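Have a look at the structure below, then the notes.
The values are calculated or read from the model by the stated rules, or taken from the named source; none is laboratory data. Since we're looking at a predicted model, the values are computed, not measured. Ideal geometry is used to build each Cβ from the backbone, glycine not excepted, and the neighbour counts take in all protein chains shown.
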Amino acid sequence: MPPSLSNLSFLQIVDLCDNVDLRRDSPDVLYDVKYLEHEQLVPFALTDALDSPILGLLRPAIVQQLVLENERNREANAPEIWNIR
């Protein structure tokens, strides 16, 4: 039986949550090797600045939803929320 989460350190909890096994084919291409499909993971940054910290990685399905949200905002004459490079 796994130990109670209340007895784990912060780093032990982070280790349990780490569910991505990265493969880097080139400096700007990341894949999760656990998936048979070759879906490129997209870095999610704090701001659109090139030196902005990367907070995590997004799967293509999530990026597509962000693109759709931007499109809906444009159609409603509202500002785009997501800056997608």
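Name the residues in segment 36-82 that are under 23 Å from residue 17 (Cβ atoms), part of a helix (DSSP H, G or I) and not hydrophobic (A, V, I, L, M, F, W, C), would you? Selection gives 60, 65.
Reported count of residues in segment 40-52, each being of a type outside the set (Phe, Trp, Tyr) and touching a strand residue (DSSP E or B) at 6+ places or on another chain (Cβ under 7 Å), is 7. Filtering segment 37-85 to residues that are among the basic types (Lys, Arg) and either surrounded by fewer than 10 Cβ atoms within 10 Å (Cβ to Cβ) or within 27 Å of residue 14 (Cβ to Cβ) (or both) leaves 59, 85.
Taken over segment 23-35, the criterion of being in a strand (DSSP E or B) and more than 18 Å from residue 62 (Cα to Cα) is satisfied by 23, 24, 25, 26. Here 58, 68, 36 are screened, and the one residue that is modelled with pLDDT under 85 and either under 15 Å from the mean Cα position of the chain (by Cα) or on the phi < 0 side of the Ramachandran plot (or both) is 36.
Counting the residues of segment 9-36 that are surrounded by 11 or more Cβ atoms within 10 Å (Cβ to Cβ), touching a residue at least 12 places away in the same chain (Cβ under 8 Å) and not hydrophobic (A, V, I, L, M, F, W, C) gives 1.
What residue, among those in segment 11-33 that are modelled with pLDDT of 80 or more and among the β-branched types (Val, Ile, Thr), is farthest from the chain's Cα centre (by Cα)? Ranking the candidates gives 13 first.
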